[in-house]
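J.: Got a structure for you, written out below as structure tokens; questions coming shortly.
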Amino acid sequence: MATAVASPSDERTDNRVPITVLTGFLGSGKTTLLNRILTEQHGMRIAVIENEFGEVGVDQDLVIGAEEEIFEMNNGCICCTVRGDLIRILGNLMKRKDRFDAILIETTGVADPGPVVQTFFVDDQMQEQLRLDAIVTLVDAKHIGQHIDSSSEAQEQIAFADIIVLNKTDLVSERDLVEVETRIRSMNATAKTIRASNAMVDLDQVLNVHGFSLDRALDIDPKFLEPEYPFEWAGVYTLTPGKDRLICQHGPDPAMRVYLAPLRDASDTDLEGAIHAATLAFSGEAETVASGGKIPSSVAVDLALTGSGTMSFAMNVSAPGTYALFTEHHPNEFRADVQTVDSSLEIIASREFKPEHEHDDEVTSVGIELAGDLDVKKLNTWLQRLLMNQGPDIFRMKGVLSVKGEDRRFVFQGVHMLFDGQPDRPWGAEPRHNKMIFIGRNLDRAALNEGFASCLVS
Amino acid sequence: MPGLLNRPTRRGKESRSKLNVTPIWHADIGDYVQGLAWSAGGDLAAASISGPIVAFDHNSDRKHQWPGHGFGTTAISWNREGTRLASVGQGQTVQVYDGASGQLLWEEPVGTAWGEVAAWSPVANVLATAAGRTLTLFDGDGVLIRSEDGHGSTISDLAWSPDGSAVAVTHYGGLTIWPVDPSEGGQALSWKGSSLRLAWSPNGAYIATGDQDSTVHFWETATSLDLQMWGYPTKVLQLAWHPSSRYLATGGGPSIVVWDCGGKGPENTTPVMLDGNEEHVSALAYRPDGSLLVSGYDDGRLCFWNPGKSKRPLLALEPKPDGDLAGISQLSWSADGQRLAIGHANGAVAVVGVG
């Protein structure tokens, strides 16, 4: 059952008590963060609901233990699944004269954030008195690699998040951090990632962030809407015929596709042209080149990287000049380096690209940006069908839409099959366009793009 | 000071009713009135959500004041004779006080930190408590009769069978009926959903539940047949049986929905809808003689009905405009039906005479 949910969304007049949901695997630092929140002098009266924990009052704050109780409904609709323990405890707290300034809900490491979030959408008593502020997910930067592929809970906790605290950054290298951040971004492009060690974050960054506010439905990092590329990196070099070579070490993949493009100069516009050519070249078939072989100009090749020790590929250019080397993977992964004789060649410019996703079954974000006006009838039909079929796999969605006949922007957001939308400010001078983001599992990028485009007024 | 103002309703017809509602006294117990109960002798006990419990005598004097439970009181109950008051809350135990002296008679653990319900048997000195997943039955002196903790989910409500032979508890997944006799097993009535309140019809024929998924269920106790009534705008937290067992009045939105359980029962019938307000119904109670139904609302409005005669309220009382417009949290009729106690979300307690 897809349901439109009306909620007061004006941040200034909304005096409902904000709820922050804290998720994260065991050992990610949730308890450390909670203790910091409870002991810091912030002047707020805070209640904490923890799963499996005794009742402890810390000064004026309150910590309540509760056992997770999931209420599924007879109609079988997963969007009606709520957390009974939260309804009972929060219902009791909200009756009291002494109100809390904020309520934190700490979930167990393996909790599904879906029912927690839905509790605040589905139960009208909860919705009337409480405002879901944000899902804050703590990620252990050192160990997340062990969970992220195997644990659907870890993936969902990242997918649902408004704020991701990448904790224990002091225990990992910058390179590994960038890798984790890139991975997280590919799963949830709309969450804000904060680096921390020992869960040290400013409380302003995790409390009262209005993650579910329609006003902020589209605080989306514009980078996210960039297209994806079949390559992760490009570097610009000045190459000399017969002198330069690409050196690689054994890495995580058996092969890496590369493409060497001649440039007139190292300007952005020139690089743009090369990106287009490289995208085309990467999409076709390519010959495999073994160590000791040559990388031709303007033809994509697959470098075989199965050997041990240092592998070397000659840059086969016919004229000296500026060239861009596009690599399927980040050069760090193979400790790749372009060398002349035996010293590294200077990289004049380099650029990282958002990679295409390699696994269909993992959690991803799909962003769509389209010019034109939408036919509201077509949009409703499409969305309804989409949510009916894929609702359980769609964790969050947000959008700013240009609906035909409506002067104002239509903003909306949703969780699974529940969504909530309303017109906000007029478009004014801003060009009308549509932006939409889905975060989910098994998302079919092409089908979503096509489906959304079919809702445009023809 | 909060209170009620007797104001004719917009529709002229009702104001000609002979119903006479007179304020008698009011008091303030400090916080949301979570429990409100008349003893057989005419004392009124009121419990606040943050803990304290006050017993008022007939003249509104504060006869006893008890601290209640550590982090709040959730339920109170007088025994049949009105000599003992039991209370549970967020404090691990059930406490039983002497209604005359105010002394704590006994205190026993109830199973977990959050006690939800305490209720004395309608026929004997047997006390039932629900805390977490545990139902406990005590005799009048606090001796354990039966303890059952296999409910799989927190018990949200319990109700005695009218003959006092059994207790029904609701939890996620349905309800379970436990005979007082510990040698007899329980009877599970299963349903995939979460019931929040239950009420046993006075003749014992039905157990009605108000549910999280905006439904009301009728369980026929003789056959275990389950009837589901849907169409409610919100979850249903208010259930009131008419003393004849023929009608069940329910909240779950702005309308009072009255089901007729006469004849072949409520199945496939259209209920009577009573619309007295745009705000949601927050409390419902039939007068012990069945002549009136009273409804309280989230905005403090109070309506008196005779659903058998009219779909319009006999009388509607608005909260005093200069008072705190607090919602009504509890309604309780004295045993003789002459007085109605009204508990509010801001801690105000008002007693009115109904003639």
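The values are calculated or read from the model by the stated rules, or taken from the named source; none is laboratory data. This one's a predicted model, so the numbers in the text were calculated from it and none came from an experiment. A quick note on method: Cβ atoms are made from the backbone with ideal geometry, for glycine too, and the neighbour counts reach across all protein chains shown.
J.: B:Q330 versus (1) under 19 Å from B:I29 (Cβ atoms); (2) in a loop (DSSP other than H, G, I, E, B): which is the lone unmet condition?
T.: (2)
J.: May I ask you to list the residues in the stretch A:71-80 that are facing chain B (nearest Cβ under 8 Å), surrounded by fewer than 21 Cβ atoms within 10 Å (Cβ to Cβ) and under 30 Å from the mean Cα position of the chain (by Cα)? Quick ask: steps written out before the conclusion?
T.: Here is the first cut: in the stretch A:71-80, the residues facing chain B (nearest Cβ under 8 Å) are A:71-75, A:80.
If we keep only those that are surrounded by fewer than 21 Cβ atoms within 10 Å (Cβ to Cβ) as well, we get A:72, A:74-75.
Answer for the stretch A:71-80, where residues must be facing chain B (nearest Cβ under 8 Å), surrounded by fewer than 21 Cβ atoms within 10 Å (Cβ to Cβ) and under 30 Å from the mean Cα position of the chain (by Cα): just A:E72.
J.: Okay, next question. From B:T215, B:T176, grab the single residue that is away from chain A (no Cβ under 12 Å) and polar (S, T, N, Q).
T.: On the way: B:T215 fails: away from chain A (no Cβ under 12 Å).
Exactly one of B:T215, B:T176 is away from chain A (no Cβ under 12 Å) and polar (S, T, N, Q), namely B:T176.
J.: Just wondering, is there one or more residues in the stretch B:118-130 that are within 14 Å of another protein chain (Cβ to nearest Cβ), over 18 Å from the mean Cα position of the chain (by Cα) and in contact (Cβ under 8 Å) with a residue 12 or more places away in the chain?
T.: Start the filter on the stretch B:118-130 by keeping residues that are within 14 Å of another protein chain (Cβ to nearest Cβ), which leaves B:130.
Right, trim to over 18 Å from the mean Cα position of the chain (by Cα) and you get none.
Checked the stretch B:118-130: no residue is within 14 Å of another protein chain (Cβ to nearest Cβ), over 18 Å from the mean Cα position of the chain (by Cα) and in contact (Cβ under 8 Å) with a residue 12 or more places away in the chain.
J.: Follow-up. Please enumerate the residues belonging to the stretch A:260-294 that are surrounded by 12 or more Cβ atoms within 10 Å (Cβ to Cβ), of a type in the set (S, T, Y) and at pLDDT 85 or above.
T.: Passing the criteria: only A:S291.
J.: Oh, and also: Report yes if A:T137 is touching a residue at least 24 places away in the same chain (Cβ under 8 Å), closer than 30 Å to B:H69 by Cα and of a type in the set (S, T, Y), otherwise no. Spell out how you get there, then give the answer.
T.: Numbers: touching a residue at least 24 places away in the same chain (Cβ under 8 Å): yes; closer than 30 Å to B:H69 by Cα: no; of a type in the set (S, T, Y): yes.
Against the criterion (touching a residue at least 24 places away in the same chain (Cβ under 8 Å), closer than 30 Å to B:H69 by Cα and of a type in the set (S, T, Y)), A:T137 does not qualify.
J.: Out of the strands (runs of 3 or more DSSP E) lying entirely within the stretch A:89-198, which hold 1 or more residues that are small (G, A, S), crowded, with 22+ Cβ neighbours inside 10 Å and touching a Gly at 6+ places or on another chain (Cβ under 6 Å)? Break it down stepwise before answering.
T.: Numbers: elements: A:102-106, A:130-140, A:163-167, A:192-195.
So the answer is A:130-140.
J.: Would you be able to tell me the number of residues in the stretch A:81-119 that are closer than 25 Å to B:T73 by Cα and within 14 Å of chain B (Cβ to nearest Cβ)?
T.: Qualifying residue count, the stretch A:81-119: 19.
J.: Name the strands (runs of 3 or more DSSP E) wholly within the stretch A:359-458 that hold at least 1 residues that are at pLDDT 90 or above? Let's see the steps before the verdict.
T.: Values: elements: A:363-371, A:394-401, A:408-415, A:418-426, A:433-441.
It comes to A:394-401, A:408-415, A:418-426, A:433-441.
J.: Check the stretch B:195-206 and report whether any residue there is over 22 Å from B:G290 (Cα atoms) and within 14 Å of another protein chain (Cβ to nearest Cβ).
T.: Scanning the stretch B:195-206, I find at least one residue that is over 22 Å from B:G290 (Cα atoms) and within 14 Å of another protein chain (Cβ to nearest Cβ), so the answer is yes.
J.: Okay, moving on. When you go through (1) assigned to a strand (DSSP E or B); (2) surrounded by fewer than 23 Cβ atoms within 10 Å (Cβ to Cβ); (3) of a type outside the set (K, R); (4) within 14 Å of chain A (Cβ to nearest Cβ) one by one for B:T74, which number turns out not to apply?
T.: (2)
J.: In addition: Which one of the conditions (1) in a strand (DSSP E or B); (2) within 30 Å of A:Y237 (Cα to Cα); (3) modelled with pLDDT of 90 or more; (4) of a type outside the set (S, T, N, Q) does A:R351 fail to meet, given that it meets all the rest?
T.: (3)
J.: Working carefully through the options A:R45, A:R12, find the one that is surrounded by fewer than 17 Cβ atoms within 10 Å (Cβ to Cβ) and at pLDDT below 75.
T.: Values: A:R45 fails: at pLDDT below 75.
Sole residue among the options that is surrounded by fewer than 17 Cβ atoms within 10 Å (Cβ to Cβ) and at pLDDT below 75: A:R12.
J.: Anything in the stretch A:385-444 that is in contact (Cβ under 8 Å) with a residue 60 or more places away in the chain, within 19 Å of A:E369 (Cβ to Cβ) and of a type in the set (A, V, I, L, M)? List them, or say none. Break it down into steps so the answer makes sense when it comes.
T.: Narrowing the stretch A:385-444 to residues in contact (Cβ under 8 Å) with a residue 60 or more places away in the chain: A:386-388, A:391-392, A:395-396, A:398-400, A:411-413, A:415-422, A:424, A:431-443.
Remaining after also requiring within 19 Å of A:E369 (Cβ to Cβ): A:386, A:396, A:398-400, A:411-413, A:421, A:424, A:431-440, A:443.
Scanning the stretch A:385-444 gives A:L386, A:V400, A:V411, A:M436, A:I437, A:I439, A:L443.
J.: Here is a follow-up. Which residues, taken from the stretch A:253-287, are closer than 21 Å to A:N332 by Cα and assigned to a strand (DSSP E or B)?
T.: Passing the criteria: A:A255, A:M256, A:R257, A:V258, A:Y259, A:L260, A:A261.
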